[in-house]
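The values are calculated or read from the model by the stated rules, or taken from the named source; none is laboratory data. Computed from a predicted model, the values in this text were never measured in an experiment. Cβ placement follows ideal geometry from the backbone for every residue including glycine, while neighbour counts extend to all protein chains displayed.
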Amino acid sequence: MQMKKICLLASLVLFSTSSTFADVSVPYGEGSGKVDYTNTNKYQNLEEPLPYGPLSFRLVGDKTWIADSVGGKLMQFDSKGKLLKEFSVLPAGAKPYELDEEGFPTPNILIEDIAPVIGQYGDVEAWWVADSTDNKLLKFSADGKVLARLQDPDYGQLYRIEVGAGGHLFVADKGTRKIYIYDSKGDYVNDFNWEWSGMAVSGKEDNLYRLIYFNEENRNMLVKTDLKGNVIKSKVIEVEMSDPELWWVDEAKGEAVITYTPLEGFEGDYNIIRVNLEGKVIASGKLPSPFVMNRFIDHADYEQFFIGKCNYADAPKGNFEIVPFKMP
């Protein structure tokens with residue numbers, strides 16, 4: 001009887017700690033509980049009418065975090081899609097943007113990506129935020145207090161960031177075509193060439209995975225490198241791809257996830273593939289293209305997958321949404 005009670009208790013603990021997620025839907029607009037946007041509906045005479053809204057989201061534990069990229073804040077939602085909290089990443093009293101004499105916005109911030117620093121119990125200890133307006137990286141505590149700032153004059157256009165299990169920060173810069181690496185204290189460690197093709201960090205040693213293109217073979221190679229720059233492994237991906245992006249590598253399962261544009265042309269969907277670490281395709285499918293997002297797909301423990309659903313050109317019509325995606 002005692003053994004049955006122990007087993008039942010273990011089952012209840014397992015059930016209560018498993019993460020589940022629901023759709024998240026946030027209206028467009030300014031202020032609390034909304035995500036801001038920039039488009040010609042809001043500013044009719046924009047010289048550069050490319051629309052913007054949230055550019056990144058992350059799944060951590062049983063929480064969904066959204067970067068309100070234009071509004072300059074982070075928003076946390078529970079497993080039922082309810083807003084729990086939000087905090088600004090702007091200096092006290094600063095506005096997300098200023099309007100000039102003609103009513104055009106000059107942004108004081110544009111959050112390109114966010115990356116969580118995970119504690120030993122799986123909780124979020126801090127956030128790194130990449131702001132491309134003046135190419136700086138800001139570190140915040142989980143409740144929004146500024147902890148650190150990184151800014152390198154060599155930065156060109158910050159795009160994606162990741163934090164490894166070992167605490168290293170990886171910064172992908174489109175302007176310099178490099179990935180910069182810093183330790184948990186923010187000290188520079190190394191940098192590597194980058195081809196705008198995503199990146200992944202895996203393992204306790206914070207190994208870096210990149211895609212490198214070879215003209216001769218019209219293929220991309222999945223390359224695993226340690227922090228010192230030593231190539232640990234490289235394998236050619238067996239699929240021809242255009243504009244590929246590596247999203248993550250699960251070393252336990254021995255696979256990577258890559259999206260790319262079909263060679264015959266882009267018609268609204270990306271191709272998405274799972275490949276093993278030998279470069280062989282495990283499964284393939286289609287992924288609806290979100291309109292203008294940097295990080296448009298994320299996972300919860302490699303078991304649940306969600307994508308961004310948005311059209312910033314139509315805002316304030318519609319909502320910004322995070323919806324489930326069935327991985328092939």
Handout entry: Condition check for I114: hydrophobic (A, V, I, L, M, F, W, C) and either in contact with a helix residue (DSSP H, G or I) (Cβ under 6 Å, 6 or more places away or on another chain) or assigned to a strand (DSSP E or B) (or both)
Key = yes
Handout entry: Where a residue in segment 225-250 is without any contact (Cβ under 8 Å) to a residue 12 or more places away in the chain and its partner, wherever it lies, is part of a strand (DSSP E or B), with Cβ under 7 Å and at least six apart
Key = V231/V223; V231/T225
Fill in the blank from the handout: Taking first residues from segment 143-166 that are without any contact (Cβ under 8 Å) to a residue 40 or more places away in the chain and hydroxyl-bearing (S, T, Y) and second residues anywhere that are assigned to a loop (DSSP other than H, G, I, E, B) and surrounded by 14 or more Cβ atoms within 10 Å (Cβ to Cβ), the pairs with Cβ under 6 Å that are 6 or more apart or on different chains are Y155/N135
Problem - Matching entry among G268, G279 (being over 21 Å from the mean Cα position of the chain (by Cα) and touching a residue at least 12 places away in the same chain (Cβ under 8 Å)) - result: G279
Handout entry: Single residue of segment 201-219 satisfying the filter (at pLDDT 95 or above and in a strand (DSSP E or B)) that is farthest from A115 (Cα to Cα)
Key = I212
Exercise for the section: Return a yes/no flag: does segment 232-246 have any residue that is of a type in the set (D, E), more than 17 Å from I161 (Cα to Cα) and touching a Pro at 6+ places or on another chain (Cβ under 8 Å). Expected result: no
Exercise for the section: Determine whether A256 is more than 30 Å from V70 (Cα to Cα), touching a residue at least 40 places away in the same chain (Cβ under 8 Å) and surrounded by fewer than 21 Cβ atoms within 10 Å (Cβ to Cβ). Expected result: no
Exercise for the section: Considering each residue of segment 38-92, count those that are of a type in the set (A, V, I, L, M, F, W, C) and on the phi > 0 side of the Ramachandran plot, and give that number. Expected result: 0
